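The values are calculated or read from the model by the stated rules, or taken from the named source; none is laboratory data. This one's a predicted model, so the numbers in the text were calculated from it and none came from an experiment. No Cβ is skipped: glycine too gets one built from the backbone with ideal geometry, and neighbour counts run over all protein chains shown. Quick note on the areas: whole protein, heavy atoms, side chains included, nothing else; ligands and nucleic acids left out. Shrake-Rupley method; radii C 1.70, N 1.55, O 1.52, S 1.80 Å.
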Amino acid sequence: MNVTFEIAGPSCDLALHPISESTARKIADFGRGIYKQKYLSWWRKGNTATYGMRYCPDCCVRVFVDSEAVPFDETRITQDVTTMRRRLYLNSRAKFLAVLGFDDEFCRFRWKWNDIQEFDPAKFTFNVQRWDRVMGEPNYFVIDNVLYDGRWADAEDWCDPEGFTLIDPIVIDLEEVRRELAQEHRVPELA
């Protein structure tokens, strides 16, 4: 039998990059216009980028065994997530972070596994990132990949993309984050 996991909703391509003070000023000056400069190709590079399906209330999740839809408990998708934190660069000399990209391209993604002997929905595992603190929005989940019984999909299809709008660049001042964390971890003085 074949098993298919399908999600329709907004996809995203976001990147979190350390930037210099001068680049932070340029982003403040140019706003969305920064994408017209060299940064359009730059923001997709590096190991802090994510490209996937944003899991949110606007999504439609379906699971098929062969061509028949079967019930699926969606709460499993966000049971084990990796949190993308602004803290990522706190121990570095970086002063600012920039978030660039898009998160509103409506499309459908399908992962399909062939020759499955027995279907068990508990065998799905999800690679999901949580970008809450970075994006300033609760429950900001991005599905990077789906596995079934520890297997990568035999086929992946990205279907029906409808275009996207680049987000307003976000600049995060790491000094503010460092101060915030210092306040959270301050030991009260004994009287």
Might you work out the accessible area of residue 60 for me, using a 1.4 Å probe with all protein chains in place, and round it to the nearest 10 Å²? 70
Mean projection of the alpha-carbon convex hull of segment 3-185 over all orientations, in nm²? 12.0
For the chain, give the percent of accessible area contributed by carbon and sulfur heavy atoms, probe 1.4 Å, rounded to a whole number. 47
Once you have the Cα-Cα distance between residue 60 and residue 144, take 0.36 nm times their residue separation minus that, and quote the gain in nm to one decimal. 28.6 nm
Taking a probe of 1.4 Å and leaving out DNA, RNA and ligands, segment 3-185 shows per residue an accessible area in Å² of 55
Mind checking the angle between helix 21-30 and the chain's longest principal axis? C-alpha axes, 0 to 90 degrees, to the nearest 10. 70
If you put +1 on each Lys and Arg Cβ and -1 on each Asp and Glu Cβ, how big is the dipole of the chain around its Cα centre, in Debye rounded to 20? 1200
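Taking DSSP loops as anything outside H, G, I, E and B, show the longest stretch in the chain free of GluC sites (Glu not before Pro) there with at most 13 other beta carbons within 10 Å. Can you show the working numbers first?
On the way: sites that count: 118, 162, 189.
Between the exposed loop sites, the longest stretch runs 1-117.
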Round to the nearest 10 and give me the degree value, 0 to 90, for the angle of helix 174-184's Cα axis relative to the longest principal axis of the chain. 90
